[in-house]
Structures are given as C-alpha cells and as structure tokens.
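All of the numbers you see were taken from the coordinates with simple rules; none came from a lab. What you see is a predicted model, and the numbers here were worked out from it, not measured in a lab. Cβ placement follows ideal geometry from the backbone for every residue including glycine, while neighbour counts extend to all protein chains displayed.
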Amino acid sequence: EYFGTNVEGSEEVLKNKTGENETEDTLTNRQGHPVTDNQNVRTVGNRGPTTLENYDFLEKISHFDRERIPERVVHARGAGAHGYFEAYGTIGDEPISKYTRAKLFQEKGKKTPVFVRFSTVNHGKHSPETLRDPRGFAVKFYTEDGNWDLVGNNLKIFFIRDPLKFPDLVHAFQPDPVTNIQDGERIFDFISQSPEAMHMITFLFSPWGIPANYRQMQGSGVHAYRWVNDEGKAVLVKYHFEPLQGIKNLTQAEAEEIQGKNFNHATQDLYEAIEKGEYPEWEMYVQIISDDEHSEWDFDPLDPTKLWYKDDVPWRKVGKLVLNKNPQNFHAEVEQAAFGTGVLVDGLDFSDDKLLQGRTFAYSDTQRYRVGANYLQLPINAPKKHVATNQRGGQMEYRVDQGTHQNPHVNYEPSIIGGLKEAKQVGKEYTPHVEGEVKREAIERQNNYGQAGETYRRFNEWERNELINNLVNTLHSCRKEIQDAMVEHLTKCDPDYGKRVAEGLKMMHMETGHGPIGTTKTEEAVQQAEQVGHP
Ligand code: HEM
C-alpha cells in the first residue's frame, strides 16, 4: 500500500531497526536521525549567535509553527469518541428492509464502528462549553458500503430554512467583526427579521439551549432524509438519538456557576466517563412518513424549522450507539475529523430540503480548505473498507488508492488496458421525478409561529420562566425597534409569550452597552461588582 524503496529487502531489513546508539525509545527527528542533544541549539560558542544549519532545531520549530490548522468556521469547540452502532434489525414488528436496504440496519446485533464528535457552534476552539448555543452531534458510521455521516444537532429543528441565509445567521451570532465580542443586539437584529427562527429561538433561550454535558443530551438529524428499499421505493425519515443516561439541561445561573470553575467541563465529562468504563449510550429512533407533500399538515414536512410531532409520527427504535474508546490524539482524530451531509450509503438518500442540499456543498468544500485536498486519506476520515479511485495528487497525498491488481499507469476510466471498473448497481435505483419552474421563491406553508407557540405551551413553568428571563436579559440592551419587532413576533407565537417578554423589558432598567447572550443581570450582581476593589 505504501510507497517503498527498490533496494532488495531494504524495507524489511530497515523496519524498526535501531542504530548502535539507539533503542526503540530513542528520540529522533522525522528523518530518523537520533537526537543527541535536545536541550541546546547549536551556537558559535555557548553564548551564541546561533547557526542556521541546525536541522534538528529547524525541523522541530517549523513543525511546531504549523501545529494548528484553521479551526472549523462553526462548531470549532468539540470533543469526540469512538464506538459502535448496534442494529436492532427490525422496526417494531416489521423488518427494516421494508423501508431501507442500507446494510448497517438489517441484521439484529450487527455492529458498525463509529466516530462521534460533539460540539458547540459559535465560538472558538477553546471557548467555554457552558455557552447558550446549539450542540453538534455528528456521527460517522464506517459501514461495509463506505462511510455514512449523520451531521446533526442536539435540538431537533434549525433557525432558517434557506441555505443562502446561513453565513448571515452565523455572522450575527459570532463575535462582532470590530469588537470581537458576541453581541445580543446583532443577534436579535437578524432574528427579528427572520420570523422562521422563532421556534429555534424558543428552544435556544430555554434551558434546552445549555445541555449539561454531551452524554446527557439528545441528538437529531434535523432534516427529513429519504430511505430507499430494494424496490427503489422511498419514504421520508427523521433520525433521533435518545441518551440512556437521561437528559439534563442547565439554567443560566447553573451554567455560570460551572463556567467560573471549569470551562472544559463537557469534554472532561465525556473523556472521564469513557476512561472509567461508563460508556455513554444512545438509542437511535426514526420517524417515517410517506414521501409526499403531506397536505394534511399546516407546515411543509421538508421544513427544518418544524418538528414532526411524536403524537403524529411515532419514534421507532432501530439501534443503539455506544461510545467506548477515547481518541489517542485529539488533533489527528477530533480536529481533523471531517463530517458531511453528502456522505450517504446505498439505501439512504437526500430529501429536497433546500437547507440540507446547501449544507451538502459546504462541508466537503470547507474541509478541502481546512484539512486539505487529501483529507479523506486520513485514518479518521477514510472508510474502513476497500477504496479505489483515479484521484491523484494534491497536497499530502501519501498513498495511491487503487486495487491491488491494477495497472498503475491507468488512472482513468474507461480503459481496455487495465484500471478500475464501475461497480454493479444492486437494488433498484431510486429515480424521483422532478418538474417545476426554476425560480427564487420561499415555500408556501411557512407557518412561522404555530409550532413556536406550541413549544412554549408544552414547556414546564420553570422552563418558561427561564426562557422569558434569558430573552429579556439579552433583549433589554437592544434598541427599541428590535425589542418591538421581537415582542410582535413572540405575541404571534402565543399572546402570553409576547406579553411576558414585553413586561419583563418594561421592568428592566434600560442599560447602555451590549453583551453576549443570556448572561444573568440582577441588581445584586451589579452591586457586588461595584464593591469589589482593584488591587
Ligand atoms: C459544521 C455549514 C447547517 C450541524 C459545519 C461546518 C460548516 C457548516 C462549513 C464546518 C465543517 C468543518 O469544518 O468540518 C453549514 C451550512 C448550513 C449548516 C452551510 C446550512 C445551510 C447545519 C445544521 C446542522 C449542522 C442544520 C444540524 C442539523 C453541524 C455540525 C457541525 C457543523 C454538527 C460540526 C461537525 C463536526 O463535528 O466536525 N457546518 N451548516 N449544521 N454543522 Fe453545519
């Protein structure tokens, strides 16, 4: 598999051979030269100046200079672990093959290796894990048919439904380009002009916006996808993960208390649980509906700002996700891990959800920039099965992905003198019929407020109280037009919701200055801050 030398037997002779001044644990540089002095650079006399031909030093410092790669543009802070997915093989009393031919789901007890990365969204790679933010829940299944990535979040819906709005959404939530501080006014300036975001905002500013840790949170694929069976028939499907550790969220005050002591608590919690052998587990559920427009609903089933209510579409168990091994090297396995919504296997398919289709371009595009053109050759990203392509070149290519009996000159297809051949189609291809005018137009059944109001009413009273407090604490430092627009939207969600936020805003003193979302601001806290002297 690897490039080798042509000197007879040299690879075997040299493999792991140590020189006379070495053992297997002797420090070397990357050229294999033993390092005899790792404390002193080479200098003219012991006081310097330093010389430039000191290769060991140059190699060490230049590699150090390049230790970082660009962090993810969103979801930069994260933690990951390896494990497996175990299929239940049936869906209730029915064989799962009725709905999908994807191999990983078929047999009861079948295990597929996985890598999972959890994350926060809007702040940098070492930002606190207590922030009010959605949490990423990305799963890479290394199946026998190649990789499947399910790139989901803890919450089951999203802020927007059109991918064209994603960079604006993220800019509004991420720190101000001038001050580099997250600013509630910028956030609500954008949100107040995006009525489709009311449902997500209702979850985000409630305790559901700060999961207590990664083990005790749910996961969801958010979008409708398609499942395709052997006959090429499709259904629409949504995926959910339910933690067997239970669900736990934090109030704003609880989060601030933790953050004062430890801003890595979620990474630490996951790592330590796995080291102790307390392997976190989630059950995987799907919701299945027929592949049509569902005109009986007052919303579009493809709209990612909407829930498919459990009462209407039951959650059905299909398997279990278990995380049982920590990464050995954070950078190689977690930082360089690359997930994407385009990464599907036979039996799984996209839906026409526009947001999903926009995402599918974004992931591999950013990864070619963030990790490099050959990111799929890295062990964490490479499938665990046979890979054979005619792709060659690009930075850091270190192996040729080709079958063992191929003619290495033929890196093209078709060919009669060698090279790779196309696979046979198994199962009937799913061939949706698409027809319509090409245009820019929003979907019809938007219903931006209905489910947001329903979610507000379904919350417990303490969740509603938290939601109102968190919204008021952030909105009160926004200018009046933004507050008014938000109150109008929330009133349309539920009159009580809008009224309570409006009353809360009236009671707060108008303060100048802007701040990050959701921080508690009580009179007591302000007084205490004033009493503290500076040394
Ligand atoms: C990460 C784009 C919506 C979940 C990312 C990244 C990009 C991106 C560019 C960085 C990937 C990397 O550097 O490897 C988009 C776009 C969206 C969108 C353009 C909408 C049009 C969503 C939605 C969800 C989501 C709706 C949840 C269902 C995630 C997760 C990650 C991520 C979990 C982190 C993956 C990891 O752990 O490496 N997204 N995203 N994104 N996104 Fe999205």
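Highest average first, the peptides 357-369, 93-105, 184-196 ordered by how many other beta carbon atoms sit within 10 Å of their residues are 184-196, 93-105, 357-369. Suppose we look only past 27 Å in the calculated P(r) of segment 53-205. What percent of the Cα-Cα pairs does that tail hold? When every Cα pair of segment 53-205 is considered, 46 percent fall beyond 27 Å. Residue ranges 46-52, 85-91, 244-250 sort as 85-91, 244-250, 46-52 when ordered by packing (mean number of other C-beta atoms within 10 Å per residue, highest first).
Neighbour counts of other Cβ atoms within 10 Å put 15, 421 in the fewest-to-most order 15, 421. Between the listed residues 405, 393, 497, the Cα displaced farthest toward the positive end of the dipole of the chain, a dipole computed from Cβ unit charges relative to the Cα centre, is found at 405. Using Cα centres only, tell me the gap between segment 31-46 and segment 137-169 in whole Å. So the two Cα centres are separated by 48 Å. Couplings for segment 413-430, taken from phi via the Karplus curve 6.51 cos²θ - 1.76 cosθ + 1.60 with θ = phi - 60°, read 8, x, 8, 9, 9, x, x, 7, 10, 5, 7, 7, 6, 10, x, 6, 5, 8 Hz in order; Gly and Pro are left as x. Qualifying trypsin sites (Lys or Arg not before Pro) in segment 283-319, where qualification requires a DSSP coil assignment and no more than 15 other C-beta atoms within 10 Å, comprise 310. Under 5 Å from the amide H of residue 176 lie the amide H atoms of 181, 182, 183, each residue being 5 or more positions distant or on a separate chain, with H modelled from the backbone and absent for Pro and chain starts.
Cross-link pairs exceeding 28 Å between alpha carbons, from the set 310/506; 384/428; 111/424; 110/421; 156/354: 310/506; 110/421. Take the Cβ atoms of residue 24 and residue 422, set R0 to 51 Å, and the FRET efficiency comes out at 0.65. With the gyration tensor restricted to C-alpha atoms of segment 13-70, the semi-axes of the equivalent ellipsoid amount to 24, 19, 9 Å, longest first.
Taking θ as phi - 60° and the Karplus parameters 6.51, -1.76 and 1.60, the scalar couplings of segment 297-305 work out to 8, 8, 9, 8, x, 8, 7, x, 8 Hz in sequence order, x denoting glycine and proline. Comparing Cα centroids, segment 385-412 and segment 57-133 end up 26 angstrom apart. Over the residues of the chain, the helix contribution to mean residue ellipticity at 222 nm works out to -7500 deg cm²/dmol, using -39500 (n - 2.57) for each DSSP H run of at least 4.
Distances between placed amide hydrogens fall under 5 Å for residue 28 paired with 35, all partners being 5 or more residues away or on another chain. Under 5 Å between amide hydrogens, built in the peptide plane, is the criterion, and for residue 318 it picks out 284, 285, 286 among residues at least 5 positions away or on other chains.
Backbone phi angles across segment 52-69, fed through the Karplus curve with coefficients 6.51, -1.76 and 1.60 (θ = phi - 60°), yield HN-Hα couplings of 8, 7, 6, 4, 4, 5, 4, 5, 5, 6, 5, 5, 4, 4, 10, 5, 9, 10 Hz in residue order; Gly and Pro are listed as x. Highest mean packing comes first when the peptides 430-441, 332-343 are listed by Cβ atoms within 10 Å, giving 332-343, 430-441. Ranked by how many other Cβ atoms sit within 10 Å of their own Cβ, fewest first, the residues 289, 210 fall in the order 289, 210.
Neighbour counts of other Cβ atoms within 10 Å put 464, 392, 135, 161 in the fewest-to-most order 392, 464, 161, 135.
The calculated FRET efficiency for the pair residue 42 and residue 15, based on their C-beta separation and a Förster distance of 41 Å, comes to about 0.85. Taking a quarter of the surface of the Cα convex hull of the chain gives a mean projected area of 34.5 nm².
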